[in-house]
Amino acid sequence: MNSTGNKYLVTAAIACFVAALAHVGCIVFGGDWYRFFGAGEQMALMAEQGLWYPTIVTTAIALLLSIWGLYALSGAGVIKRLPFTKLALLLIACVFLLRGVCFVGLMPMFPENSLTFWLVSSGICVFIGGLFAVGYWQRCSAGRLNKMSYKD
């Protein structure tokens, strides 16, 4: 493992894990948390009624964020290299950045979500996507430099 790490990818991992924990909090604490995070009254009511839909959707998001956090740690050299790390980092950066920038197109599909939800979550996505993108670029640049130094 790389002892110096990649601070951008480590920060991206922490952000992913915090976001995953916030989603788990919605599952555990129910409707009030869904409302607080702006997920919409319909999700909050379904959670309060004990329906499975909010739990399944929120669990899937939490798991995905956790996996992405692990890929960030892998790319940073903090944990063992995961399969397709380089490709995964690039795709994760793209997903976060697209989600953050294209939220206006997504808003009509989720009319229950508040404008505050869209602005805050999109800003967070752009931030995390930027961390992944810079970390990916730094990782690739370091790889090229390492390859060049081995030739010398």
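Read-outs: derived from the displayed coordinates by stated rules, not from any lab. For clarity, every value in this text was computed on a predicted model and none was experimentally measured. So basically every Cβ, Gly included, is an ideal-geometry build from the backbone, and we count neighbours across all protein chains shown.
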Karplus-derived HN-Hα couplings along the stretch 68-82 (A = 6.51, B = -1.76, C = 1.60, θ = phi - 60°), whole Hz, x at Gly and Pro: 5, x, 5, 5, 5, 5, 5, x, 7, x, 7, 10, 4, 5, 8
Least to most buried among 114, 66 (fewest other Cβ within 10 Å first): 114, 66
Under 5 Å, built H, 5+ apart or other chain: amide partners of residue 39: none
Residue order, fewest to most beta carbons within 10 Å, for 116, 85: 116, 85
Cα-based Rg / Dmax (Å) for the stretch 7-151: 17.3, 64
3J(HN,Hα) from dihedral phi, the stretch 92-101, Karplus parametrisation 6.51/-1.76/1.60, rounded to Hz, x for glycine, proline: 4, 4, 5, 4, 4, 5, 5, 4, x, 8
Burial ordering of 117, 110, fewest other beta-carbon atoms within 10 Å first: 110, 117
Unit Cα scatterers, Debye sum, the stretch 1-83: log10 I(q)/I(0) for q = 0.18, 0.21 Å⁻¹: -0.71, -0.83
Neighbour net charge for residue 44 - beta-carbon separation under 15 angstrom, K R +1, D E -1: -3
Nearest-0.05 FRET efficiency for residue 7 and residue 106, computed from C-beta distance (R0 41 Å): 0.85
Percentage relative contact order, the chain, counting C-alpha pairs under 8 Å, at least six apart: 31 percent
FRET efficiency estimate (nearest 0.05) - Cβ-Cβ, residue 138 to residue 59, R0 35 angstrom: 0.65
